[in-house]
Amino acid sequence: MPTALRSFALLVVAFLTTAAQAAPGPAASMVRISTTAQQPDYSVPWNPGNVGSGVGAGFLIDGKRILTNAHVVSNATFITVVKEGDPTPWEARVLHVAHDCDLAILGVYDERFFEGTKPLQLGGIPALESTVSAYGYPIGGNRLSVTTGVVSRIDFQPYSHSEVDSHLAIQIDAAINPGNSGGPVMQDGKVVGVAFQGFSGAVAQNVGYMIPTPVVRRFLKDVEDGTYDHYMDLAATYFPMLNPAQRAALGVEEPDAGVLIGSVFSIGSSAGKLQPGDVILSVDGLKVYSDGKIDLDGERTEMAEVFERKFKGDQVKLEIMRDGARQSLTLELDRPWPFEMQARSYDKRPRFVLVGGLLFQPLNRDFLNSQKDVDTRLRYFFDYYVTDHLYREYPEVVVLSEILKDPVNTYVAPFKGGIVEKINGQQIRSLQDVAAAFEQPGEFHVIELLGEGRPIVLERSVLAEASERIRQRYGVTTEQNL
């Protein structure tokens with residue numbers, strides 16, 4: 001290479017190096033997360049589960065913490081993080097996790113990891129049609145990837161991680177692929193969202209979603225006391241009132257106003273306060289439109305966003321119409337536990353009791369997903385557990401989920417999939433009740449299932465011998481996990 005050309009090339013390299021060092025960017029804040037995870041086996045709950053690996057992204061925030069998605073580190077048994085430009089793997093751990101909004105905070109055991117890093121700062125909600133950049137390690141790549149897109153929608157969307165929760169989400173046309181999860185979405189040098197899910201299917205292409213900063217800030221605020229209290233809920237169903245005749249019949253004279261309360265759950269924030277037939281006119285002074293929307297932070301969004309931004313024990317003020325008269329109510333917010341049954345669970349081992357080859361498990365989404373055939377009654381209990389207030393009588397629905405065949409239970413097969421009502425005359429309201437009932441003395445164990453006219457009867461004296469035989473035959477390592 002001629003001397004002049006070589007000198008020019010060296011000058012260009014020096015210029016680019018200096019510019020890269022001076023230019024602000026998220027590279028010094030990016031983390032590639034590798035996990036080893038063990039997925040619970042709800043069909044054979046004593047099995048440890050299959051081991052797999054995954055890759056995601058994260059980024060540094062204040063307090064020597066790494067922010068990422070909950071689904072990146074769910075069920076993880078070992079986590080390592082690698083800084084951009086440094087191949088050294090550092091062992092990390094989960095400090096806080098919120099499966100209902102798909103966010104998690106990691107810490108690194110060795111604080112030398114944080115040398116040369118810088119935390120990113122959170123920004124606001126980006127405007128529609130503005131441009132954002134998503135950073136991550138899509139499809140398991142080792143090098144940082146950047147995709148750019150336009151903000152196309154700001155709305156409530158289902159969060160696929162829990163399968164039941166919906167929160168504020170921002171839709172962008174930048175590709176969000178496996179490995180992008182947990183990475184920052186940037187605008188003007190600040191984080192405006194966390195990449196967390198894409199749209200799969202032939203209906204739409206290049207559609208991705210990010211968790212906006214109001215959701216992130218709420219999560220960070222919630223864990224300041226060392227624990228995560230989850231999202232709060234109104235604990236009541238409500239419906240739009242788009243029909244003017246309906247509003248007039250209920251005494252609502254103002255146009256385009258109010259939502260109608262359908263049912264009120266007996267466990268939750270609205271119990272004893274709201275009633276079916278009430279019309280909510282305003283929430284914390286914000287008018288509720290007839291489609292269930294409010295004006296908040298310059299955007300038209302769901303009324304639920306007011307409750308979502310509050311914490312356990314916070315109050316919310318409602319103005320309602322009841323029997324044609326306006327009233328003011330104050331609710332203290334809490335999260336009703338019955339909702340948790342329909343959400344996916346993580347970082348937990350399946351709970352069960354096995355007696356005489358009869359396997360008892362609590363009904364929840366993970367259990368239901370593991371079943372090939374589901375009885376109609378069981379499906380009803382799952383789908384309508386909250387709306388039909390089934391939790392009042394069944395705080396936990398216990399199912400006879402499987403029969404490990406043995407001479408002690410040869411006639412029991414037709415009972416598989418039944419809901420346990422009583423054992424030895426004791427009403428079963430939880431899996432702990434099952435274990436306690438089988439500890440009772442007696443010559444026989446009598447098991448009554450909901451809707452069955454005949455009970456299951458096990459002879460107590462032969463159970464010890466049968467249990468040992470069943471354990472060996474089916475590779476059972478333990479007979480219960482409560």
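The values are calculated or read from the model by the stated rules, or taken from the named source; none is laboratory data. None of these values were measured; they are calculated from a predicted model. All Cβ positions, glycine included, derive from the backbone under ideal geometry; neighbour counts span all protein chains shown.
Okay, residues lined up against (1) out of contact with any Phe, Trp or Tyr (no Cβ under 7 Å at 6 or more places or on another chain); (2) of a type in the set (A, V, I, L, M):
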{"residue": "Gly63", "(1), (2)": "yes, no"}
{"residue": "Val81", "(1), (2)": "no, yes"}
{"residue": "Glu91", "(1), (2)": "no, no"}
{"residue": "Ala104", "(1), (2)": "yes, yes"}
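Which ones in region 430-481 are aliphatic (A, V, I, L, M) and either assigned to a strand (DSSP E or B) or not assigned by TED's automatic domain parsing to the domain that holds Ile419 (or both)? Selection gives Val446, Ile447, Leu449, Ile456, Val457, Leu458.
The rows are residues; the columns are (1) part of a helix (DSSP H, G or I); (2) at pLDDT below 95; (3) acidic (Asp, Glu).
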| position | (1), (2), (3) |
| --- | --- |
| Pro178 | no, yes, no |
| Ser200 | no, yes, no |
| Thr227 | no, yes, no |
| Tyr238 | no, yes, no |
| Ala245 | yes, yes, no |
| Glu253 | no, yes, yes |
| Ala257 | no, yes, no |
| Gly272 | no, yes, no |
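Considering only residues in region 330-381 that are small (Gly, Ala, Ser) and at negative phi, the one that is surrounded by the most Cβ atoms within 10 Å (Cβ to Cβ) turns out to be Ser345. Just one of the listed residues (Ala437, Ala466) is without any contact (Cβ under 8 Å) to a residue 60 or more places away in the chain, over 30 Å from Tyr238 (Cα atoms), buried (at least 18 other Cβ atoms within 10 Å of the Cβ) and of a type outside the set (Lys, Arg), and it is Ala437.
Within region 119-128, identify whether any single residue is modelled with pLDDT of 90 or more, in contact with a helix residue (DSSP H, G or I) (Cβ under 7 Å, 6 or more places away or on another chain), in a loop (DSSP other than H, G, I, E, B) and under 21 Å from Lys83 (Cα atoms), and answer yes or no. There is at least one residue in region 119-128 that is modelled with pLDDT of 90 or more, in contact with a helix residue (DSSP H, G or I) (Cβ under 7 Å, 6 or more places away or on another chain), in a loop (DSSP other than H, G, I, E, B) and under 21 Å from Lys83 (Cα atoms).
Of the candidates Val55, Val72, the single residue that is in contact with a helix residue (DSSP H, G or I) (Cβ under 9 Å, 6 or more places away or on another chain) and farther than 19 Å from Asp110 by Cα is Val55. Restricting region 274-288 to residues that are assigned to a loop (DSSP other than H, G, I, E, B) and touching a Gly at 6+ places or on another chain (Cβ under 7 Å), the residue that is nearest to Asp222 (Cα to Cα) is Val288.
Per the conditions (1) surrounded by fewer than 16 Cβ atoms within 10 Å (Cβ to Cβ); (2) touching a Gly at 6+ places or on another chain (Cβ under 7 Å), the sole criterion not satisfied by Met303 is (1). Does Val191 satisfy the criteria of being within 22 Å of Leu122 (Cα to Cα) and assigned to a helix (DSSP H, G or I)? Spelling it out, it is not the case that Val191 is within 22 Å of Leu122 (Cα to Cα) and assigned to a helix (DSSP H, G or I).
Screening the candidates His96, His161, His71 for the property of being in the same structural domain as Asn177 (by TED's automatic domain parsing), in contact (Cβ under 8 Å) with a residue 40 or more places away in the chain and surrounded by 15 or more Cβ atoms within 10 Å (Cβ to Cβ) yields one hit, His161.
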